[in-house]
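Report on the structure given below.
The values are calculated or read from the model by the stated rules, or taken from the named source; none is laboratory data. All values reported here derive from a predicted model rather than from experimental measurement. No Cβ is skipped: glycine too gets one built from the backbone with ideal geometry, and neighbour counts run over all protein chains shown.
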């Protein structure tokens, strides 16, 4: 088991409270209180109120159990967490898919593979003809014998695998995700490549995700993708399809890191200064619906971790009118500056 | 009253130099921004060059700015340290190469 850090819930239960985190970002100091409220910034950009434009992706967070405790984790996931989506909530997700034309299911966590209903749900979603994305931390594939055949399962189900690799070298990766994670990630990527993942036009899509290993913004996506492809191919024989760059949002363990390292105010000011109206207009929450492990619905995984439910606060088990969610007003707060900075976060 | 010459917060106030000379300030910043735009060299190459030069001229503001700038252009610590070594090698080398002149002089006046 990799352990880069303990969970925030164990280290600082007070800061683990979503309400406390929201208050900290809004008014935690004079400098933070002086930052323009996100809603006002959207108004000034002519984008308010931000509304959903349909639901293209049903993102299902299957729980907070994970074999890693990455330092930046906005979920505060880890091995000692116990929250896991029960079968009845998964079934409610399938019922929603049957009633709608949502084309893609995106499984995240924690480590989604660790949920006991994971394989069953992937099979059922694929049987409904939906594209399935699994956000894998890669090390889960070698963490335990019961996960050892997951790469073959992914291939057989035609799953698109998106996995985190903060850098193409061990330094940044291991400091953020745990000692030895880079080496294990390389081995997992090589295994996926051997099964056909990552070949251009091959049909088995393998994408990587970069996020900064600290309080700075991500580099240009195209430039980094070229570097990753060049170095990973030359040194490890690894190929992949696309690289996505994500900014770290000031939530849970990353917020804790920002505060403890004295970077919180500078980082928030940096995010606010980097506000990009084009990125704001194309934020992923406009075409995504997020489901929590207990069935509660959110605009995105970040709102989920801050316990900001969708307008009306519905649960997927009780959903009468999914059509209304397709044009809902999206809830935002100061953390949203993370997705609207620079080129945006995909 | 400040007790140190440098305040990190002053880096963000660089643009304020326009207050004492708007026209020249504008010319400088227009040119500065054009220099760092992607061109024949990438943004990362320029950030690393700037980082190296910042160490050569020992500007604390520039070291701060281009450390972040290099990280935000995708460089890592090893790349950045190599860039600083380039600066150090040039500074050291520029002293040492003049030793050739010293040696020439020694030989011209020595039996």
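Considering only residues that are modelled with pLDDT under 95 and under 17 Å from the mean Cα position of the chain (by Cα), which ones fall in region A:34-67?
Result: no residue meets the conditions.
For residues that are farther than 14 Å from residue B:49 by Cβ and out of contact with any helix residue (DSSP H, G or I) (no Cβ under 8 Å at 6 or more places or on another chain), tally how many sit in region B:73-88.
Selection size over region B:73-88: 1.
Return the residues of region A:80-99 that are assigned to a loop (DSSP other than H, G, I, E, B) and at pLDDT 95 or above; say none if nothing qualifies.
A:81, A:82, A:83, A:85, A:86
Just wondering, is there one or more residues in region A:242-262 that are touching a residue at least 12 places away in the same chain (Cβ under 8 Å) and over 21 Å from the mean Cα position of the chain (by Cα)?
yes
Conditions tested, residue by residue: (1) touching a residue at least 40 places away in the same chain (Cβ under 8 Å); (2) more than 12 Å from every other protein chain (Cβ to nearest Cβ); (3) surrounded by 10 or more Cβ atoms within 10 Å (Cβ to Cβ).
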| position | (1), (2), (3) |
| --- | --- |
| B:21 | no, yes, yes |
| B:32 | no, yes, yes |
| B:44 | no, no, yes |
| B:56 | no, yes, yes |
| B:60 | yes, yes, yes |
| B:72 | no, no, yes |
| B:76 | no, no, yes |
| B:83 | no, yes, yes |
| B:86 | no, yes, yes |
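Would you pick out the residues in region A:151-173 that are over 20 Å from the mean Cα position of the chain (by Cα) and more than 14 Å from chain B (Cβ to nearest Cβ)?
Across region A:151-173, the qualifying residues are A:151, A:152, A:153, A:155, A:156, A:157, A:158.
Looking at region A:70-98, which of its residues are within 30 Å of residue A:280 (Cα to Cα) and in contact (Cβ under 8 Å) with a residue 40 or more places away in the chain?
Correct list: A:70, A:71, A:72, A:73, A:74, A:75, A:76, A:77, A:93, A:96.
For residue A:311, are the conditions met, namely being more than 15 Å from the chain's Cα centre (by Cα) and at pLDDT below 95?
Against the criterion (more than 15 Å from the chain's Cα centre (by Cα) and at pLDDT below 95), residue A:311 qualifies.
Here are some conditions: (1) away from chain B (no Cβ under 14 Å); (2) under 30 Å from residue B:12 (Cα atoms). Residue A:311 meets all but one. Which one does it not meet?
(2)
Can you tell me which condition residue B:64 does not meet? The list is (1) more than 14 Å from chain A (Cβ to nearest Cβ); (2) farther than 21 Å from residue A:224 by Cα; (3) surrounded by fewer than 18 Cβ atoms within 10 Å (Cβ to Cβ), and all the others hold.
(1)
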